[in-house]
Amino acid sequence: MKVLVTGAAGFIGSKIAHLLATRGDEVVGLDNINDYYDVRLKAGRLRELGIAYPAEGEFPWHEMHVSEKLPHLRFIRMGIEDKDSLDALFAQEHFDKVINLAAQAGVRYSITNPYAYLTSNLVGFLNILECCRHFPVKHLLFASSSSVYGLNVKAPFSEEDKVDAPVSLYAASKKSNELMAHSYSKLYGIPATGLRYFTVYGPWGRPDMAPMLFASAISQGKPINVFNHGDMIRDFTFIDDIAFGSIQCLDKPPVAEECPNGVPFRVYNIGCSHPVKLMDFINEIEQALGSKANMIMKPMQPGDVYMTNANTTKLEQEIGYKPQVRLHEGIGKFIAWYQSEKNPLR
């Protein structure tokens, strides 16, 4: 099976690409390697995949690179907003399946940089859909987000809940992706699955997310900002569970006859289903580091939500997903990586 993984230098994408290539799938990873966060982290993830990232200078554009560690993996630097290049890649490779994880991430960043989300999350995703239309694939798996639940107060969040009250442009763009994919599934019969990822953490995580921010500040004796005065709840999910669950979904495309209105489309929550209080999460990091946090309590930030809590019953029943890593174990693995020489930001 030949699979395109977009966002392959990202946190989730690099892990999925590694797992797919390890099990023998032919994988083409794609990423624009933008500087939304420290590129050293993306370079490190690519090196873990066996892609020779230069010590100095930029990674070249539009050149296919073969992994030095994983013979079934290749990588190309490209943006999904580049329609002509994306069309040429699909025409050349004839992918069986596509995992679209490329997107402009971040809730708070969308407040100050809204146009970045329109270019990548809407125009770029439309290009992916058009390629899947003109170069038919057996399954399109794409990243949605728990942020689509917005002002929803019912917990845990279920796929049947209304998601028409987003509180950030990022959330609105992810809900738009679901609607766009559904329309293409209906019009062109493209089997598509959207995964509403809840808060993901673990080795090689993003530096703009709470785990990395907290670990960095606490280990250096610097203060951390704790929003809503610590009164927040998050469904933290370890990266391995997220990656394995995503691949389980990839391996089981939706069948039109089994889906509502005969449209081969579905959406799943993918999380841990064991949400924890933010203060308990901080306490786990403190224990793993052996240091206490200096906390600065702040009000809720624009675009944030009080709680994320995934009901994963549908994913468990239909796909067989079952997360294995509990918070204490996951934080231990994360901090061990954070303090190791593998962490380029240490």
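Quick check: anything in the stretch 304-321 of a type in the set (Val, Ile, Thr) and closer than 26 Å to Gly44 by Cα?
Looking for residues that are of a type in the set (Val, Ile, Thr) and closer than 26 Å to Gly44 by Cα, one finds none in the stretch 304-321, hence no.
Among the residues that make up the stretch 242-256, is at least one of them at pLDDT below 95 and hydroxyl-bearing (Ser, Thr, Tyr)?
Taking the stretch 242-256 first, the residues at pLDDT below 95 are none.
No, the stretch 242-256 contains no residue that is at pLDDT below 95 and hydroxyl-bearing (Ser, Thr, Tyr).
Somewhere in the stretch 101-119, is a residue over 16 Å from the mean Cα position of the chain (by Cα) and modelled with pLDDT of 95 or more?
Looking through the stretch 101-119, none of the residues is over 16 Å from the mean Cα position of the chain (by Cα) and modelled with pLDDT of 95 or more.
Can you list residue pairs whose Cβ atoms sit under 9 Å apart, with the first residue in the stretch 102-121 being more than 17 Å from Gly194 (Cα to Cα) and of a type in the set (D, E, K, R) and the second being at pLDDT 75 or above and outside any helix (DSSP H, G or I)? Count only pairs 6 or more apart in sequence or on different chains.
Arg108/Ser168; Arg108/Asp208; Arg108/Gln301; Arg108/Pro302
Run down Gly271, Gly245 and say which single residue is within 21 Å of His18 (Cβ to Cβ) and in contact with a strand residue (DSSP E or B) (Cβ under 8 Å, 6 or more places away or on another chain).
Every option except Gly245 fails the conditions.
What number of residues within the stretch 275-331 satisfy the criterion of being acidic (Asp, Glu), open to solvent by 70 Å² or more (accessible area, probe 1.4 Å) and part of a loop (DSSP other than H, G, I, E, B)?
Within the stretch 275-331, residues that are acidic (Asp, Glu), open to solvent by 70 Å² or more (accessible area, probe 1.4 Å) and part of a loop (DSSP other than H, G, I, E, B) number 0.
Quickly run through the stretch 237-274 and pick out the residues that are open to solvent by less than 50 Å² (accessible area, probe 1.4 Å) and of a type in the set (D, E, K, R).
Of everything in the stretch 237-274, those that are open to solvent by less than 50 Å² (accessible area, probe 1.4 Å) and of a type in the set (D, E, K, R) turn out to be Asp240, Asp241, Arg266.
Give all pairs with beta carbons closer than 6 Å in which a residue from the stretch 172-196 that is under 10 Å from Pro264 (Cβ atoms) meets a residue that is among the aliphatic types (A, V, I, L, M) and not in a helix (DSSP H, G or I); count only pairs at least 6 apart in sequence or on separate chains.
Sorted first by the residue in the stretch 172-196, then by its partner, the pairs are Ser185/Ala192; Ser185/Val263; Lys186/Val263; Ile190/Leu140; Ala192/Leu140; Thr193/Leu141.
Filter the stretch 218-242 down to residues that are in contact with a strand residue (DSSP E or B) (Cβ under 6 Å, 6 or more places away or on another chain) and part of a loop (DSSP other than H, G, I, E, B) and give me whichever is farthest from Ile285 (Cα to Cα).
Asp235
Residues being closer than 18 Å to Ile190 by Cα and among the small types (Gly, Ala, Ser): count how many of those fall in the stretch 85-126.
The number of residues fulfilling the criteria is 2.
Just to confirm my filter: which helices (runs of 4 or more DSSP H) fall fully inside the stretch 87-192 and include at least 3 residues that are surrounded by fewer than 24 Cβ atoms within 10 Å (Cβ to Cβ) and not hydroxyl-bearing (Ser, Thr, Tyr)? Break it down into steps so the answer makes sense when it comes.
Working: elements: 109-112, 114-117, 125-134, 169-188.
Ranges flagged: 125-134, 169-188.
The values are calculated or read from the model by the stated rules, or taken from the named source; none is laboratory data. Fair warning: this is a prediction, and the values are worked out from it, not measured in the lab. Reconstructed Cβ throughout: ideal geometry from the backbone, glycine too, with neighbour counts over all protein chains shown. When the accessible area is computed, the model is the full protein with side chains, heavy atoms only, and any ligands, DNA or RNA have been set aside. Shrake-Rupley method; radii C 1.70, N 1.55, O 1.52, S 1.80 Å.
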